[in-house]
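Accompanying notes for the structure given below.
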Number of protein chains: 4
Amino acid sequence: MGRDGGDYAAGAKRPGGFQFAEDTVVMPLNIGTHVDALCHAWYDDRLYSGYLGSTLRSATGASRLGVDKMPPVVTRGVLLDLVRLRGRLLTDGEVITRSDLMKAANASGLHLEPGDAVLIRTGWLEAQKKVSSPSLNSEPGIDLDAAQWLADHDVALVGADNFAVGVLPFADSTVFPVHQRLIRDCGIPLLEGLRLDQLVESGRHTFMFVASALPIAGATGSPLSPVAIL
Amino acid sequence: MGRDGGDYAAGAKRPGGFQFAEDTVVMPLNIGTHVDALCHAWYDDRLYSGYLGSTLRSATGASRLGVDKMPPVVTRGVLLDLVRLRGRLLTDGEVITRSDLMKAANASGLHLEPGDAVLIRTGWLEAQKKVSSPSLNSEPGIDLDAAQWLADHDVALVGADNFAVGVLPFADSTVFPVHQRLIRDCGIPLLEGLRLDQLVESGRHTFMFVASALPIAGATGSPLSPVAIL
Amino acid sequence: MGRDGGDYAAGAKRPGGFQFAEDTVVMPLNIGTHVDALCHAWYDDRLYSGYLGSTLRSATGASRLGVDKMPPVVTRGVLLDLVRLRGRLLTDGEVITRSDLMKAANASGLHLEPGDAVLIRTGWLEAQKKVSSPSLNSEPGIDLDAAQWLADHDVALVGADNFAVGVLPFADSTVFPVHQRLIRDCGIPLLEGLRLDQLVESGRHTFMFVASALPIAGATGSPLSPVAIL
Amino acid sequence: MGRDGGDYAAGAKRPGGFQFAEDTVVMPLNIGTHVDALCHAWYDDRLYSGYLGSTLRSATGASRLGVDKMPPVVTRGVLLDLVRLRGRLLTDGEVITRSDLMKAANASGLHLEPGDAVLIRTGWLEAQKKVSSPSLNSEPGIDLDAAQWLADHDVALVGADNFAVGVLPFADSTVFPVHQRLIRDCGIPLLEGLRLDQLVESGRHTFMFVASALPIAGATGSPLSPVAIL
């Protein structure tokens with residue numbers, strides 16, 4: 001903290017009686033509950049829409065597709081609850097397929113519509129509570145074909161309660177294939193590290209969903225606190 | 001940036017074709033568009049609700065009333081547009097009184113209700129576009145009596161397009177009296193640095209308002225991107 | 001980095017042909033090879049010389065005994081090589097006593113003199129090369145009586161190749177007793193995390209020693225790169 | 001600060017009586033009193049020794065010529081005091097030529113020798129004390145020909161009490177020509193922001209000079225506190 005109650009306890013002055021505290025954070029932008037901007041991942045030196053990878057530079061940040069270009073998302077949210085479907089938390093490396101997503105949707109009696117924000121519950125975050133130092137080498141998540149199914153429904157955003165949406169380890173000879181398909185090919189931002197517990201408790205599978213990123217100039221992502229309005 | 005397009009231009013490997021960028025920010029928590037948590041300001045060594053000022057320490061942050069304790073705000077938003085009322089941007093040091101707020105409400109045909117999020121347009125942020133280095137010693141804003149009027153209506157939150165909600169310079173022998181009254185006495189968080197231009201363009205004076213802070217443990221505030229849903 | 005070769009590879013301009021790179025660090029001040037300033041440790045709310053602990057505040061740093069007040073050290077350096085004495089790296093928790101220090105001095109045929117900078121080799125840093133995640137709960141180091149022996153010789157500075165100079169775990173019912181005695185009682189700064197390998201290779205046990213801290217205003221310590229001139 | 005006297009004033013526990021304070025800095029590496037590593041400046045995509053500019057990347061820092069590769073400097077220091085020569089502080093944009101350096105050396109009866117560390121006093125830093133916000137667009141300093149003269153003497157290091165060693169503004173159609181010549185062509189590191197007042201007071205023009213950078217992995221420079229031993 002740059003100023004706090006300890007300062008006053010130690011004798012700091014309080015002109016007009018006023019006391020205050022303030023602090024500063026150092027924060028990587030692609031951890032915690034965050035959104036990956038469309039400039040976060042690409043291949044063949046081309047970002048989504050064909051912008052050049054060289055538009056992302058140390059000195060200037062992302063001049064294209066930065067998180068500051070991303071409008072707030074206000075849309076229907078849809079929860080696909082794989083934990084409820086399987087009756088247990090998914091395990092590291094466990095694949096969620098197109099068929100799994102369809103079953104989860106059916107189990108809730110819902111149909112994906114264009115513009116939906118799809119939130120996927122794998123149980124990964126819940127499982128971490130019992131783990132002292134989480135591995136970032138494996139997690140349950142969707143495979144490339146499941147990602148394609150979501151993209152085919154023209155969803156606005158895909159989120160999950162894990163750290164990379166897609167399953168880890170990746171399928172053979174691929175690296176972050178879900179990132180490549182959804183972010184780079186389809187321009188669909190990813191929300192990672194979602195805390196879904198309150199939403200799950202509510203029993204609701206559709207809801208109004210609001211997520212708005214910090215407009216950090218040229219950044220590759222932003223921490224945020226999405227809201228499901230029930 | 002910790003990795004960017006320049007790295008690849010300089011020859012970085014791309015296993016499986018995957019390329020990505022990520023960055024980190026260093027960010028004070030009470031600047032930009034942000035919310036002041038209830039632990040941000042106090043007097044007589046007592047925070048809102050009577051918690052001790054000594055609950056805010058360097059080593060631990062705020063153990064009471066930190067921004068991580070602040071739930072998302074989803075409520076009716078109300079715009080009190082002083083710029084429209086006066087037909088010009090307000091000037092530094094210009095006081096907004098209880099009567100001014102009442103007139104602005106009347107001009108829009110609206111009545112404050114308990115739980116409203118009240119957003120006040122002073123024009124300060126718009127005026128800064130023409131200023132090379134903004135002074136943080138003066139700004140237009142509400143006085144203590146106007147703040148009391150808002151508190152009497154039991155509003156949930158007060159925001160403004162300036163940097164401290166209250167007018168600067170302060171009335172004689174007071175220091176941040178609006179902070180002391182609203183945050184410390186009444187437990188009403190303040191939103192500062194609001195960008196109201198799109199809302200003003202819409203012509204709307206009431207709307208659904210969603211604001212959710214980052215749950216930074218023990219922090220005195222949080223940058224955020226509030227949304228007016230029209 | 002804030003600018004680097006990747007920027008140019010990605011197409012950044014180079015006016016007048018000039019290209020450059022620059023970067024920024026975020027760095028705790030009491031880790032790595034560093035000196036602990038006299039404001040780093042104390043007890044009974046009193047620092048060395050009787051200054052109040054409340055002179056160290058979040059908003060202002062240390063107004064007394066900060067590392068910015070510490071002049072460069074240019075003096076005779078003395079290596080007390082416990083590894084050579086025992087014929088092996090010392091183990092975690094292994095105590096170095098007054099008698100051990102005396103034997104190490106005798107083995108090198110040297111006598112401590114007022115103003116010496118005493119460097120103690122425990123082998124801890126060398127041992128860490130084989131350790132994946134070092135424990136900061138135990139290390140070989142001097143006990144309180146050995147520290148007193150050094151203070152009795154009126155040395156200018158005590159350094160070691162471990163992270164806290166004193167042995168960990170501490171003797172029963174004490175916490176950092178060596179810090180309390182040397183820094184707080186005697187005003188002797190501590191150098192921690194020394195890399196002694198080149199000095200040891202030289203076979204020299206006395207040398208000219210130069211150590212100068214960064215003058216960071218009000219800081220509790222500073223990273224530095226001390227030099228033994230042989 | 002991450003812990004300070006205010007914490008204890010506010011009631012923090014002190015096991016075994018021990019109290020301590022510690023803090024963290026965020027610090028650009030090429031400001032203040034600092035050394036520019038040989039990877040800091042280059043042209044034609046080639047660093048000193050012919051290494052590629054693309055060896056400097058966001059994700060990895062400088063894999064060649066980083067400040068961590070720079071050994072401590074222990075050599076004869078030589079002060080060339082242009083302020084004494086002219087009888088006044090030099091002014092912004094004032095050029096120091098080869099002839100000026102020769103006169104300053106002659107005035108002190110000294111000859112440059114290979115391996116010398118040459119420190120140039122322009123008076124810029126002294127002049128800043130009276131300036132509220134220093135301009136970084138102009139300063140007194142050496143021109144390219146003076147830099148060449150220093151390089152011809154095979155000096156080990158060139159330092160100055162200004163922020164860029166070379167004069168600003170640059171000669172027509174050049175950008176940091178002194179950086180390009182000394183760092184890139186000749187492999188001579190630059191020391192900037194030197195505080196020479198104590199040295200000047202001593203009246204000495206030659207001395208033992210010790211400067212050692214922090215071994216920050218892959219960094220383009222380092223803050224340091226050089227010492228003149230008189």
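Condition first: at pLDDT below 95 and on the phi > 0 side of the Ramachandran plot. Now tell me which residues in the stretch C:51-78 satisfy that.
The one that is at pLDDT below 95 and on the phi > 0 side of the Ramachandran plot: C:GLY61.
If D:LYS129 passes every condition in (1) touching a helix residue (DSSP H, G or I) at 6+ places or on another chain (Cβ under 6 Å); (2) open to solvent by 50 Å² or more (accessible area, probe 1.4 Å) but one, which one does it miss?
Failing condition for D:LYS129: (1).
Hey, among A:GLY187, A:GLY193, A:GLY159, A:GLY166, which residue is closer than 20 Å to A:ASP100 by Cα, of a type outside the set (Val, Ile, Thr) and touching a helix residue (DSSP H, G or I) at 6+ places or on another chain (Cβ under 8 Å)?
Of A:GLY187, A:GLY193, A:GLY159, A:GLY166, the one residue that is closer than 20 Å to A:ASP100 by Cα, of a type outside the set (Val, Ile, Thr) and touching a helix residue (DSSP H, G or I) at 6+ places or on another chain (Cβ under 8 Å) is A:GLY166.
Kindly indicate the residue of the stretch D:62-95 that is closer than 30 Å to B:MET1 by Cα and open to solvent by less than 10 Å² (accessible area, probe 1.4 Å) and also nearest to the other protein chains (Cβ to nearest Cβ) among those meeting that condition.
D:ALA62
Identify all residues within the stretch D:22-53 that are within 10 Å of chain B (Cβ to nearest Cβ) and open to solvent by less than 30 Å² (accessible area, probe 1.4 Å); write none if there are none.
The answer is D:ASP23, D:GLY53.
If you go through the stretch B:106-124, how many residues are buried (at least 20 other Cβ atoms within 10 Å of the Cβ), in contact with a strand residue (DSSP E or B) (Cβ under 9 Å, 6 or more places away or on another chain) and not β-branched (Val, Ile, Thr)?
Total meeting the criteria: 5.
Looking at D:VAL200, is it at pLDDT 95 or above and surrounded by 24 or more Cβ atoms within 10 Å (Cβ to Cβ)?
Taking the combined requirement at face value, the residue does not satisfy it.
Return only the number of the condition from (1) within 14 Å of chain C (Cβ to nearest Cβ); (2) within 30 Å of B:THR206 (Cα to Cα); (3) open to solvent by 50 Å² or more (accessible area, probe 1.4 Å) that B:ARG57 does not satisfy.
Answer for B:ARG57: the failing condition is (2).
The values are calculated or read from the model by the stated rules, or taken from the named source; none is laboratory data. All values derive from a computational prediction rather than experimental measurement. Glycine also receives a Cβ, built like all others from the backbone with ideal geometry; neighbour counts cover every protein chain displayed. Remember, those area values only see protein heavy atoms, side chains included, never the ligands or the DNA or RNA. Shrake-Rupley method; radii C 1.70, N 1.55, O 1.52, S 1.80 Å.
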